[in-house]
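Enquirer: My questions will all concern the structure given below.
The values are calculated or read from the model by the stated rules, or taken from the named source; none is laboratory data. All values reported here derive from a predicted model rather than from experimental measurement. Positions of Cβ are backbone-derived with ideal geometry, glycine not excepted, and every protein chain shown enters the neighbour counts. Areas reflect the complete protein model, heavy atoms only, side chains present, ligands, DNA and RNA absent. Shrake-Rupley method; radii C 1.70, N 1.55, O 1.52, S 1.80 Å.
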Amino acid sequence: MSKRRILRGALTVLIAAAGVLSATAGTANADNGADGFPILHAVKGDQVHKCNVVGPANNYEAVVCIDLVTSISGGVYHVSAREEAMCESYTNQLVACDKINDSTTLETGAGATSTYGTSCNGDCPAGRLYDSTRTWDYTVAGAAYGSCSNRVNTSYQVWGVGWGDTEIVSPTGVVFHVSDGYANDGANMSTGHYFICP
């Protein structure tokens, strides 16, 4: 056998092996369920945190974040949505907003929580104002058969929504609403869709 044939054969084997390795590495690192939705694991306390600047003006900006928060206790695990609203200076120093009215909901493929809201007016914290929904609860046993990550449009598919009517008034009196062109999901702020698993 000539040296050229041996080299060509070795090169073919190396290329084929590299292709197998890259295909395996691509799927081995993915932790996604049906339709490519990422999976949140409550046993790890997985969280999602998405933020948008909803308005810069007069040396201040308003920021709205929407989170998914998971936890587990015994045979039950939980997820809730949380909205965070705040004002900060252009130097990223948190300052008290003049006013905040926010509203958030935990949505699932099979229903949603009520809309939860909180507000402050002249007494806002020099930091984040938090607004959380109730938890949506699941049994670990109920998710044991793979149902937590392979069925779209069920209660295992979750996302948090900060509604477009969320209002933030800067320290200089400028009024911002999430729906004023700063949203990431229609007129609202969303975490995007996830599956919740134990």
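Enquirer: If I model the range 119-196 as equal point scatterers sitting on the Cα atoms and use the Debye formula, what is log10 I(q)/I(0) at q = 0.11, 0.20 Å⁻¹?
Expert: At q = 0.11, 0.20 Å⁻¹ the computed log10 ratios are -0.46, -0.96.
Enquirer: Next question, about the same structure. Quick one: work out Rg over Rh on the C-alpha atoms of the range 55-117, Rh as Kirkwood radius. List each step's numbers first, then the result.
Expert: On the way: Rg = 15.7 Å, Rh = 14.0 Å.
Result for the range 55-117 is an Rg/Rh of 1.13.
Enquirer: Work out the length of the dipole vector of the range 76-166 about its Cα centre, built from +1 on the beta-carbon of each Lys and Arg and -1 on the beta-carbon of each Asp and Glu, and round it to the nearest 20 debye.
Expert: 360
Enquirer: Something else about it: Which residues does the label zone of SER147 cover in the range 72-93, counting backbone N under 17 Å from a point 7 Å along Cα→Cβ?
Expert: Residues 75-79 fall inside that zone.
Enquirer: Could I ask something else about it? If a paramagnetic tag sat 7 Å from the Cα of ALA34 along the Cα-Cβ line, which residues of the range 145-159 would have the backbone N under 15 Å from that point?
Expert: The answer is 145-158, whose backbone nitrogens lie closer than 15 Å to the label point.
Enquirer: Accessible area of HIS49, 1.4 Å probe, to the nearest 10 Å²?
Expert: Surface open to solvent at HIS49 totals about 100 Å².
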